[in-house]
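The values are calculated or read from the model by the stated rules, or taken from the named source; none is laboratory data. Computed from a predicted model, the values in this text were never measured in an experiment. Positions of Cβ are generated from backbone atoms using ideal geometry, with glycine treated the same way; all protein chains shown enter the neighbour counts.
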Amino acid sequence: MREPSVDRFQCAPGLRLQAHERVSEIHNDNLLRRLDRVEEMMERLERRLWLTVYGIVGMILAEALQSFLAAVP
């Protein structure tokens, strides 16, 4: 014969485990979002740094060219 159907119930440890998994998933999502923002900020900082380096090199070359043109009659 068939066993009588028993309604399944959720026990407290199972509910705690599900809640912990959900909280861990939320924390992981937030961490990934923060890491993406940090990477974007680092890329912007890197672009600014290269612009500064190119600007300084350009000024040095301009001064060298200016002094060279002043020395040549």
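Sub-6 Å Cβ pairs linking a first residue in the range 8-33 that is in contact (Cβ under 8 Å) with a residue 60 or more places away in the chain to a second residue that is among the aromatic types (F, W, Y) and part of a helix (DSSP H, G or I), at least 6 apart or interchain, number zero. Here is a list: S5, S67. Which entry is out of contact with any strand residue (DSSP E or B) (no Cβ under 7 Å at 6 or more places or on another chain), at pLDDT 85 or above and of a type in the set (G, A, S)? S67 is the lone residue from the list that is out of contact with any strand residue (DSSP E or B) (no Cβ under 7 Å at 6 or more places or on another chain), at pLDDT 85 or above and of a type in the set (G, A, S). Between S24, S67, the distinction of being more than 22 Å from the chain's Cα centre (by Cα) and part of a helix (DSSP H, G or I) belongs to S67 only.
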